[in-house]
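The structure under discussion appears below in the form of structure tokens.
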Amino acid sequence: MSVFTPVSAAEARALLAHYTLGELEGLEGIAQGVENTNYFLTTTTGAYVLTLFEHIPRDDLPFYVGLMDHLAHHDIRCPAPMRMDDGEMISEVNGKPACIVTRLAGAPKAHPDAAVCREAGHILGGIHVAGVEYDASLDNPRARAWRERFAEAVKPKLSRAEGELIDTENRYQAIPDDSTLPQGVIHGDFFHDNVLWDEEGAGGVIDFYFACDDALLYDVAIAVNDWCVNLDATLDHARAHAFIAGYEQLRPLEDFERELWPVMLRRAALRTWLGRLGYNYFPRDSHMTIPKDHQFSRRLLEHHISHARSLEDTLA
């Protein structure tokens, strides 16, 4: 989340005129994240988040907003989109498509332990199970074609060793046949700072704007690469095992998924590294933003490559 497009109080009031959410009481920009413009929006009826979509194609927005609406109605604690007086969930502010969703209480846990990781895995499993009944679909915009195309675009910015590492990993990722892995709706960005824990210990998930259809195991790998790593970019096997155990309470992994687990951990690390290289070398004009450490993702990928056999232990 960031602020790319400023929104004034007057503009927020004009937007609220199309809802039954009460009168504006507060409007505060959110600095975290790097994709959309976000504001905390407080009215006389409650606390909300206003999001302006900066780069997501308009045709894709019903998938994201509809997914949150679907999950919120299937016992997943996540932002619920608000409907305007005409029933629509997507509005417009300053020429940008926008939506208002409920604001979840709580805060991320900066240093999740094994118990928290187990609960987080259970939450992700719930999302995957509930997503089976979601009737919309969206191809992953950051799948193999994007990884290979973006690698060529960013290569002139990198050292020779970094470029060779990315090329080698892209060639490796093209080998396994993952088409038979269980597929479905994935969150795509299930990092620890996208789960807010309230005072009672309940976790709620935010930021669904990387969601798409892909291998469910890939989503688990993306999450483990964030929730279950040490400060030196190595995998914490105890936390990873706990995350998987929590996940499998709702969706046990299949044998083929277990075989491709090391591949998916590497793929997830590569995707995150490439994404963060993009934010670093091709920044967008934002009034508020907090950058990500792309070197950490590179070191994590190198760790996964060097410890391929031991990665299977997290599923034991």
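For region 6-27: of the residues being without any contact (Cβ under 8 Å) to a residue 40 or more places away in the chain and in a loop (DSSP other than H, G, I, E, B), which is most open to solvent (accessible area, probe 1.4 Å)?
So the residue we want is GLU23.
Is it true that GLU88 is of a type in the set (D, E, K, R), part of a loop (DSSP other than H, G, I, E, B) and open to solvent by less than 70 Å² (accessible area, probe 1.4 Å)? Working first, answer last.
Numbers: of a type in the set (D, E, K, R): yes; part of a loop (DSSP other than H, G, I, E, B): yes; open to solvent by less than 70 Å² (accessible area, probe 1.4 Å): no.
It is false that GLU88 is of a type in the set (D, E, K, R), part of a loop (DSSP other than H, G, I, E, B) and open to solvent by less than 70 Å² (accessible area, probe 1.4 Å).
Just need a number here: residues in region 213-246 that are touching a Gly at 6+ places or on another chain (Cβ under 6 Å) and under 16 Å from ASN194 (Cβ atoms).
Count: 1.
Mind listing whichever residues of region 50-108 are polar (S, T, N, Q) and either over 22 Å from VAL205 (Cα atoms) or modelled with pLDDT under 95 (or both)?
Scanning region 50-108 gives SER91, ASN94.
Please identify the pairs in which a residue from region 280-299 that is within 21 Å of VAL3 (Cβ to Cβ) has its Cβ atom under 8 Å from the Cβ atom of a residue that is of a type in the set (Ser, Thr, Tyr) and modelled with pLDDT of 70 or more, counting only partners at least 6 apart or on another chain.
Hits for this filter: PRO291/TYR279; LYS292/TYR279.
Of all the residues that make up region 199-221, how many are among the aliphatic types (A, V, I, L, M) and under 13 Å from the mean Cα position of the chain (by Cα)?
Residues in region 199-221 being among the aliphatic types (A, V, I, L, M) and under 13 Å from the mean Cα position of the chain (by Cα): 5 in total.
Please verify whether region 28-43 includes one or more residues that are part of a helix (DSSP H, G or I) and without any contact (Cβ under 8 Å) to a residue 40 or more places away in the chain. Quick ask: steps written out before the conclusion?
First, the residues of region 28-43 that are part of a helix (DSSP H, G or I): none.
No; the residues of region 28-43 include none that is part of a helix (DSSP H, G or I) and without any contact (Cβ under 8 Å) to a residue 40 or more places away in the chain.
Scan region 12-52 for residues that are closer than 22 Å to GLY95 by Cβ and of a type in the set (Ser, Thr, Tyr) and jot them down.
Listed by number, the residues that qualify are TYR19, THR37, TYR39, TYR48, THR51.
When the residues of region 233-270 are narrowed to those that are part of a loop (DSSP other than H, G, I, E, B) and among the hydrophobic types (A, V, I, L, M, F, W, C), which ends up most open to solvent (accessible area, probe 1.4 Å)? Show your work before the answer.
Taking region 233-270 first, the residues part of a loop (DSSP other than H, G, I, E, B) are 233-234, 236, 249-254, 260.
Still in the list and also among the hydrophobic types (A, V, I, L, M, F, W, C): 233, 250, 253, 260.
Numbers: ALA233: 1, LEU250: 75, LEU253: 16, LEU260: 18 Å².
Applying the filter and picking the extreme gives LEU250.
Among (1) open to solvent by less than 40 Å² (accessible area, probe 1.4 Å); (2) within 22 Å of LYS157 (Cβ to Cβ); (3) part of a loop (DSSP other than H, G, I, E, B); (4) not charged (D, E, K, R), there is one condition TRP273 misses while meeting the rest; what is its number?
That leaves (3) as the condition not met.
Residue under question is ARG284, and the condition is that it be basic (Lys, Arg) and part of a loop (DSSP other than H, G, I, E, B); does it hold?
It is true that ARG284 is basic (Lys, Arg) and part of a loop (DSSP other than H, G, I, E, B).
Please enumerate the residues belonging to region 44-54 that are over 30 Å from HIS294 (Cβ atoms), in a strand (DSSP E or B) and out of contact with any Pro (no Cβ under 9 Å at 6 or more places or on another chain).
GLY46, ALA47, listed by residue number.
Please identify the pairs in which a residue from region 183-195 that is over 14 Å from ASN225 (Cα atoms) has its Cβ atom under 9 Å from the Cβ atom of a residue that is among the hydroxyl-bearing types (Ser, Thr, Tyr) and surrounded by 22 or more Cβ atoms within 10 Å (Cβ to Cβ), counting only partners at least 6 apart or on another chain.
Going by the 9 Å Cβ cut-off, the qualifying pairs are ILE186/TYR218.
Please name all residue pairs, on different chains or six or more residues apart, with Cβ atoms under 9 Å, provided the first residue is in region 227-239 and is closer than 14 Å to ARG299 by Cα and the second residue is open to solvent by less than 30 Å² (accessible area, probe 1.4 Å) and in a loop (DSSP other than H, G, I, E, B).
Once the first residue is closer than 14 Å to ARG299 by Cα and sits in region 227-239, its partners that are open to solvent by less than 30 Å² (accessible area, probe 1.4 Å) and in a loop (DSSP other than H, G, I, E, B) give LEU235/CYS228.
The values are calculated or read from the model by the stated rules, or taken from the named source; none is laboratory data. As the structure is a prediction and not an experimental result, all values here were calculated from the model. Ideal geometry is used to build each Cβ from the backbone, glycine not excepted, and the neighbour counts take in all protein chains shown. Remember, those area values only see protein heavy atoms, side chains included, never the ligands or the DNA or RNA. Shrake-Rupley method; radii C 1.70, N 1.55, O 1.52, S 1.80 Å.
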